[in-house]
Amino acid sequence: MDFTNLREHYQKLLDYLAEDRYTESYIRRVKENVRWILKNEKNKPWQSYLDVYEARIQKPYSELYKKNLRQAFTAIQQFDLYEEYPNRKPKNCLIKHGAYHQLIPEFKGVIDFFTASEAIRDHRESTTKGRISNTAVFLYEMQKKGICSLGCICEEDVLSFFADDAGYLSKCSSYKKNIAAVLKVAAEWREDECIRLLAYLPQIRPRRKNIQYLTPEEIEAIRSAIDDENSGLSLRNRAIGNLLLCTGIRGCDIADMRCDSIDWEADEIHIPQQQKTSRPLILPLTARIGNSILDYLENERPDSADDHLFLGELYPHCPFKAKAVWYQSSKIYKAASIRQEHGDRRGTHLFRHNVATSLLDNGVARPIISETLGQSDPVSLNPYLHTAFEHLKKCALSISEFPIDKGVFHT
């Protein structure tokens, strides 16, 4: 490798990091590793920055230290090879994670053919990623068995992937469906092999999970915490909390909201394209939601050219991601003094459950509930309604006509 460009211009990189307010420790780490590279370049037969990184971590460093080194080397690589400066957003990583990058060419071909086909079909990104990830893991497990061709995978190999050492199923039905979806598309490329593998996939019955839900007492505690100025919640927390509590909007869509998502004249919330369904969503802007958002905009939101509605508190005030919304919801649970035990579910989905069941309890038709939650398929509503106990009770059959000993129902 030729590091002439890096040697002559790396000071520009350091100056940029200082001007853009990167931490001193980060700048020092980049500087130290640039000097290490220039010091050792003549003695090392490096072919890529991955080789440089692997040579650098020969000592038994901690995982955190290795992560910090990867970040520094990625910044150096992007500057040296592509003249790109860091912008606090993910770049082309030195190390590619995931099973796909470890597959042999033939197995990669299955994934690549599916990926190209999905681009034409324009399915939502999260679905495509899940299918690719599950299939890559499946093929990588076949590869670790020493199998180097689709035609050499037998039924026993496939079944062993879905079972644990004791022979019990260890993969869920959605895992199998994701693999099947990829193989069905890839059958257009390798018909005989993929159809045969589809026949080997086991029948897995979907599992119905026990769904945690918000009780009326918990809802009241959340509402009180949001309204209490002394609860420790920021104005941003309260605005997000009211959006979750009153609309059930997905966390990813809250993170993607822009300032113009709020139509103040029409009293509406506009989501032009939901991340999960790619469909638009329009919801009423209630006084509770509108007042909390306005309070945040006028008194707490950082002054930034970024038009995302919710921004980070610290410079450079990056827009939220879905995980950040989950973190804000956990603060709301904590302020409300609920769901703090180990194993308690916390997150934005509980609010969607609450909105769905509340609408059902008030006699709202299922298609309207699905439309309100922004779902593309009414069947998607079913998991939310498994906790609609008042309606489930109406389906119960009386056992008064059956002779049962009195002791059965006594402890």
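The values are calculated or read from the model by the stated rules, or taken from the named source; none is laboratory data. All figures in this text were calculated on a predicted structure; none of them were measured in a lab. Cβ placement follows ideal geometry from the backbone for every residue including glycine, while neighbour counts extend to all protein chains displayed.
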Scanning region 315-335 for residues that are surrounded by fewer than 16 Cβ atoms within 10 Å (Cβ to Cβ), under 24 Å from ASN230 (Cβ atoms) and of a type outside the set (Phe, Trp, Tyr) gives SER330
So HIS101 clears everything in (1) closer than 30 Å to LEU314 by Cα; (2) modelled with pLDDT under 85 except one condition, right? Which one? (1)
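Can ARG190 be described as touching a helix residue (DSSP H, G or I) at 6+ places or on another chain (Cβ under 8 Å), modelled with pLDDT under 95 and assigned by TED's automatic domain parsing to the domain that holds ILE153?
Values: touching a helix residue (DSSP H, G or I) at 6+ places or on another chain (Cβ under 8 Å): yes; modelled with pLDDT under 95: yes; assigned by TED's automatic domain parsing to the domain that holds ILE153: yes.
Yes: the conditions hold for ARG190.
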Tally the residues that are under 30 Å from PRO319 (Cβ atoms), loosely packed, with under 11 Cβ neighbours inside 10 Å and among the hydroxyl-bearing types (Ser, Thr, Tyr), restricting the search to region 30-89. 1
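Given the criteria out of contact with any helix residue (DSSP H, G or I) (no Cβ under 8 Å at 6 or more places or on another chain), loosely packed, with under 12 Cβ neighbours inside 10 Å and closer than 14 Å to TYR85 by Cα, does GLU24 qualify? Working first, answer last.
On the way: out of contact with any helix residue (DSSP H, G or I) (no Cβ under 8 Å at 6 or more places or on another chain): yes; loosely packed, with under 12 Cβ neighbours inside 10 Å: yes; closer than 14 Å to TYR85 by Cα: no.
No, not satisfied.
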